[in-house]
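Notes to accompany the following structure.
What follows is calculated from the coordinates using simple rules that are stated; it is not laboratory data. Owing to the predicted nature of the structure, the values given are computational and were not obtained by experimental measurement. Here the Cβ positions follow ideal geometry from the backbone for every residue, glycine too, while neighbour counts run over all protein chains shown.
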Amino acid sequence: MSYGFGIIGTGMIAAFHAKAIHSLNGGHFVGAFSRSFDRAQEFCEQNGGKVYQTLDDMLADPEIHIVTICTPSAMHGEAALAAIAAGKHVLIEKPMEVTAARCDEIIDAAEKAGVVAASIFQNRFIEASQILKSTIDSGRFGKVVLGDAYVKWFRSQEYYDKRKASGTLAMDGGGALMNQAIHAIDLLQWCMGPVEAVTAYTETLGHDGIDEEDVAVAILKFASGARGVIEGTTAAYPGMLKKLEISGTNGTVVLEEDKFLKWEFSEATTEDATILEEHGSATVAKGGASDPSAIDFRLHEAQFQNLIDHLSKDVPLIIDSYEGRKAVAIIEAIYQSAKERKEIKL
């Protein structure tokens, strides 16, 4: 069976979805819907597929089995719930929704309908990310004491001025954390485990006319007892690759985008040299640090393929809706802490 994909929303990220779908084994692109018919038509002229006049038309199409959602963040739930009600599986761009409560609505609806709902966090499919995660799980770090995420990106004033959804809290659900740093936050909690409490500050320092943060700093208390820091901004020219730093009593690893800047443990193994040789050289990835379009569709392809393999071969689903909720809940707590000027427990 080849699973048919439909795309809701035809902004920039939808083009990466289309490229990913065209590269799948066991999946194909059927068509797209956008609130702007002209935009959807142009999109389908470029990527193939049908153009749907209404969302109901798309969701009634029996050729579509899986829907990917590329609408503005605060509209993800509306599209997801409609697709779920129509019996479609859904893959939702980050963030799954802009509050944990709205994520829960999607989770509950999918479970009742017997379909799969998943949030897109394609950075978990970077090979170096998976190596780091498995190494932490193996216990090689000893007692993990610190886990930090740094996302110092740059978006121009023009970027916010031109994009109607960007810079609008009602549509984005947040700023530098909810829309940019969320990938690193997901990787951090995936590696470090649950966050128990946060204390944070957020500000708008580098852009005019936006009602969401472009600078955020948070201190984390993990359930394991470890501590950590999140720094996120879209006001740091010229923009740097995102970075994860994990430190334990027996080792430290620094992951910059898809390459290890540091991989050092108190007891070396024969695999260390191979890991550094294959994943320690200078990265060529830009990671969206200064250009939101500078990402690689192949990570989306890997996540989409995982869903197909899950549906057809019962392969474990790497990122489900429960996983997608976690980063949203952390960011929501950070925003609450910054607003109320106190520690927030999750």
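Once the piece of chain linking MET12 and ALA294 is laid out straight, how much longer is it, given 0.36 nm per residue of separation minus the C-alpha distance between them? Kindly include the intermediate steps, with their values, before the conclusion.
Values: separation 282, 0.36 × 282 = 101.52 nm, distance 1.09 nm.
Gain on stretching MET12 to ALA294: 100.4 nm.
Give the angle, between 0 and 90 degrees and rounded to the nearest 10, that separates the Cα long axis of helix 297-313 from the longest principal axis of the Cα atoms of the chain.
That works out to roughly 70 degrees.
How far is it, in nm, from the label point at ARG140 to the one at THR269 when both lie 7 Å from their Cα along the line to the Cβ?
Taking the simple label geometry, ARG140 and THR269 are separated by 0.4 nm.
If only Cα atoms are counted, what is the Rg of segment 185-300, and what is its Dmax, in Å?
In Å, with Rg to one decimal and Dmax whole: 16.6, 54.
What's log10 of I(q)/I(0) for segment 71-163 at q = 0.23 Å⁻¹, Debye sum over Cα points only, no solvent?
Ignoring solvent entirely, the Cα scatterers give -1.06.
Take the Cα atoms of segment 3-119, build their convex hull, and give its volume per residue in Å³.
Numbers: hull volume 10.0 nm³, N = 117.
Convex hull volume per residue, Cα atoms: 85 Å³.
Using Cα-Cα distances under 8 Å and only pairs 6 or more residues apart, what relative contact order does segment 145-288 have, in percent? Intermediate values should be presented prior to the final figure.
Details: 293 pairs, mean separation 40.4, N = 144.
Here the relative contact order equals 28 percent.
Calculate the spin-label point distance for TYR237 paired with THR252, positioning each point 7 Å from the Cα along the beta-carbon direction, and give it in nanometres.
About 3.2 nm, to one decimal.
Give me the percent relative contact order of the chain, please, defined on Cα pairs under 8 angstrom at least 6 residues apart.
On the way: 753 pairs, mean separation 67.4, N = 346.
The normalised contact order for the chain reaches 19 percent.
With a cut-off of 8 Å between alpha carbons and a minimum separation of six or more residues, what is the relative contact order of segment 3-119 in percent? Don't skip to the end; give the middle numbers.
Details: 216 pairs, mean separation 27.7, N = 117.
Normalised by residue count, the contact order of segment 3-119 is 24 percent.
Roughly how tilted is helix 100-113, in degrees to the nearest 10 and between 0 and 90, from the longest Cα axis of the chain?
Rounded to the nearest ten degrees, it is 50.
Name the long-range amide H neighbours of VAL90: under 5 Å, sequence gap of 5 or more, or other chain; modelled H, no Pro or chain starts.
So VAL90 has HN proximity to VAL67, VAL116, ALA117, ALA118.
Which whole-percent values make up P(r) of segment 138-220 when all C-alpha to C-alpha distances are grouped in 10 Å steps starting at zero?
P(r) for segment 138-220, in whole percents per bin: 15, 44, 25, 11, 4.
Taking the chain as the reference, fit the longest principal axis to its C-alpha atoms, fit the long axis of helix 270-279 to the helix C-alpha atoms, and give the angle between the two in degrees, 0 to 90, nearest 10.
Long axis of 270-279 versus the principal axis of the chain: about 50 degrees.
Report, in listed order, any pair from LYS112/LYS221; LYS162/LYS342; LYS94/LYS133; LYS19/LYS339; LYS112/LYS339 with a Cα-Cα distance greater than 30 Å. All intermediate terms of the calculation are to be shown ahead of the outcome.
Details: LYS112/LYS221 34 Å; LYS162/LYS342 35 Å; LYS94/LYS133 21 Å; LYS19/LYS339 40 Å; LYS112/LYS339 35 Å.
Beyond 30 Å: LYS112/LYS221; LYS162/LYS342; LYS19/LYS339; LYS112/LYS339.
Between LEU346 and SER156, what is the FRET efficiency for a Förster distance of 45 Å, r being their Cβ-Cβ separation, to the nearest 0.05?
Numbers: r = 34 Å, r/R0 = 0.75.
Step by step, r from the Cβ atoms, then E = 0.85.
Full extension from LYS313 to ASP38: what is 0.36 nm times the residue separation minus their Cα-Cα distance, to one decimal in nm?
On the way: separation 275, 0.36 × 275 = 99.00 nm, distance 3.80 nm.
Here the answer is 95.2 nm.
State the extension gain, in nm to one decimal, for the chain segment bounded by GLN336 and ASP57, taking 0.36 nm per residue of separation less the distance between their alpha-carbons.
Values: separation 279, 0.36 × 279 = 100.44 nm, distance 3.95 nm.
Residue separation times 0.36 nm, minus the Cα-Cα distance, leaves 96.5 nm.
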